[in-house]
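Data first, discussion second: the structure below is written as structure tokens.
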Amino acid sequence: MTAPEPQDRAETDDARRLQGLSTELTARVPQLLEAMRSVGTGLELHATLDRICETAARLVGARYAALGVVGEAGGGLSDFVTFGVDPEVARRIGRRPDGHTGLLGELIRHPEPLRLADLTADPRSAGFPPHHPPMRTFLGVPIRVQGEILGNLYLCEKHDAAEFTDHDQHMVRVLATEAGLAIGNARLYEAARQRERWIDGSVAVTTALLSGAGAEDTEEPTAPDDHGQDHDHDHAGQTNTAVHGDYSHHAHHALTVVAEHARRLADSAAGIVMLPTPEGGLEVVAVSSDTTDVSIGTRVPARSPVVAKLLTGESVHVTDSSTDPRLISPLSARYGPAMMLPLHSDGRVLGVLVTPRAIGARPFTEAERTLATQFASQAALALMMAEAQRDRERIAVFEDRDRIARDLHDLVIQRLYAAGMMLETAQRQSQVPEVRAGVGKAVDELDVTIQEIRTAIFALQQGPAEAPSGLRTRVLREINMAAVPLGFRPTHRFAGAIDSSVGELTGKNLIAALREALSNTFRHARASRIEVTVDANAELPDGTPAVRLSVADDGVGIPEGGRRSGLRNLRRRAESLGGSSEVGPGLAEDGGGTTVIWQAPL
């Protein structure tokens with residue numbers, strides 16, 4: 001016959017003792033049975049722990065109760081729940097015990113029932129932290145399942161200042177047996193739910209990244225300032241964001257998706273994604289948090305001991321970020337337990353995922369660490385797949401733009417040329433002056449149309465590296481701004497690679513000159529027609545390559561003795577760059593109107 005297990009012998013001894021109990025204790029057996037039934041109700045782990053605490057306290061008439069769950073490594077407490085302590089008092093106490101010291105640590109090292117009349121007088125006691133309520137009587141009972149220690153029940157301050165009795169200890173030991181079964185079942189249920197949540201989270205992240213949900217393909221330009229102030233630098237920044245920011249916008253969306261899901265799944269205070277910096281450190285690029293403790297752009301220097309590990313693909317798990325000497329970032333002082341997981345796939349570390357919990361929160365279990373590591377690997381793979389997908393989409397867009405540009409050049413422009421030649425032939429053959437003049441205007445319009453199509457072709461053929469200067473876009477924005485007070489939209493023509501060949505300083509001054517010229521035309525010229533030309537193929541009189549801006553109108557021209565401060569401003573801008581500014585005849589048939597010609601070297 002097999003010898004009974006130690007736990008079975010202990011339960012048998014408890015049962016024998018119960019048989020000889022007093023009438024008073026026998027009367028409490030129904031209460032014990034009801035307590036056992038209550039403890040076994042439900043499967044949610046934390047609700048189960050709370051219920052065990054409250055039931056144990058009521059069973060023996062204790063004012064306070066606590067339940068410490070022993071960590072998987074057995075070296076301390078992974079969770080600690082209380083009953084009877086006011087939430088405000090618990091908040092002032094702050095950090096929960098870790099089970100390494102005092103009577104809590106003693107019960108972990110020696111899991112046997114412990115009953116004290118005055119715990120403050122016991123040499124094993126480590127004392128109480130500030131704001132802790134006074135406690136004297138103490139009863140501690142281990143919670144076992146099949147010989148494994150899952151945790152300990154702690155009961156303090158029996159009512160009426162009485163001490164805990166043998167009967168109380170026996171009752172709590174029986175209850176602890178049922179509590180162990182309840183905790184074991186709740187743990188299994190919680191583990192299954194955790195796996196399901198993390199798997200669903202990985203699927204959601206992959207789906208979101210590959211579908212591009214929430215991301216925009218383009219960014220609308222910001223409306224210009226209503227007051228017409230000189231915001232050239234701001235306009236340049238907006239253009240850079242709209243063009244250059246396409247990939248950054250997609251990437252930021254993808255990383256934010258990862259941060260949000262990781263925070264929710266890990267039940268952490270924040271989800272943070274960091275990318276490597278050129279200096280070898282890490283920089284925060286995406287944050288999901290209810291607070292502003294972490295901001296985009298915060299950096300962790302390369303000298304931090306954890307950075308090298310993370311960038312080689314090794315996970316780092318921290319029990320308390322605020323006290324861990326390896327963490328030298330100012331962020332660490334605000335958090336407690338944390339997981340730092342490299343986002344690596346196919347031997348490549350894309351970044352780092354950090355999921356910190358609040359100070360005093362329970363540490364991450366081994367199961368949570370394993371699931372989070374698998375999530376990080378899946379997220380990294382999804383990021384790489386999303387990046388490859390965006391690259392394919394970009395290639396498809398550029399191929400389509402090349403096809404459109406070829407069609408415009410080979411078909412549309414050639415047909416317009418042919419139409420223009422036929423009109424010129426008809427003009428020469430016509431004997432009616434009005435017809436000749438009308439056909440001539442049509443030919444001129446065709447020439448302008450051909451130049452605009454060539455500009456469009458050049459824009460279609462530009463690559464991403466050529467786009468950030470955005471001078472063409474800023475010129476068009478100024479023209480659209482001027483159309484509102486003018487009541488009509490000036491025509492425009494571009495020649496040459498103005499986006500790639502005109503520098504930022506020259507472009508900024510050109511935009512200011514364009515704004516000045518259009519403003520003067522609106523205020524003084526009373527024009528019905530304005531033509532704006534930007535030519536990056538121009539030359540200065542000495543042969544230096546230059547960009548030339550001309551703004552021509554059919555207005556009343558510059559009156560004798562009129563104010564010329566605007567023209568002087570144009571001249572100063574051009575001369576400061578080594579160029580020039582002058583005025584000439586306008587677009588009216590008799591040469592009336594004004595043409596402002598502003599040019600500067602490239």
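The values are calculated or read from the model by the stated rules, or taken from the named source; none is laboratory data. The structure presented is a predicted model; accordingly, all values stated were derived computationally and were not measured. Here Cβ is always computed from backbone atoms with ideal geometry, including for glycine, and neighbour counts include all displayed protein chains. Areas reflect the complete protein model, heavy atoms only, side chains present, ligands, DNA and RNA absent. Shrake-Rupley method; radii C 1.70, N 1.55, O 1.52, S 1.80 Å.
Calculate what fraction, in whole %, of the accessible area of segment 293-357 sits on carbon and sulfur atoms when a 1.4 Å probe is rolled over the protein chains.
The computed percentage sits at 52.
Would you mind getting the accessible area per residue of segment 291-395, heavy atoms of the protein chains only, 1.4 Å probe, in Å²?
46 Å²
R0 = 22 Å: FRET efficiency of residue 319 with residue 291, Cβ-based, nearest 0.05?
0.50
Between residue 302 and residue 136, what FRET efficiency comes out of the Förster formula 1/(1 + (r/R0)^6) with R0 = 60 Å and r the beta carbon distance, rounded to 0.05?
About 0.65, to the nearest 0.05.
Given the Cα-Cα distance of residue 489 and residue 195 and 0.36 nm per residue of separation, how much length would full extension add, in nm?
Length difference between fully extended and current span is 99.7 nm.
How about segment 501-596: which trypsin sites (Lys or Arg not before Pro) there are in a DSSP loop, with at most 14 other Cβ atoms within 10 Å of their Cβ?
Qualifying residues, ordered by number: 526, 563, 564.
How much length would be gained if the chain were fully extended between residue 399 and residue 504, taking 0.36 nm per residue of separation minus their Cα-Cα distance, in nm to one decimal?
Additional length available on full extension: 34.9 nm.
Report, to the nearest whole %, how much of the accessible area of segment 67-147 belongs to carbon and sulfur atoms, 1.4 Å probe, protein only.
Using a 1.4 Å probe with all protein chains present, segment 67-147 comes out at 53 percent carbon and sulfur.
Which lysines, if any, have their Cα less than 29 Å from the Cα of residue 309, not counting same-chain residues under 8 positions apart?
none
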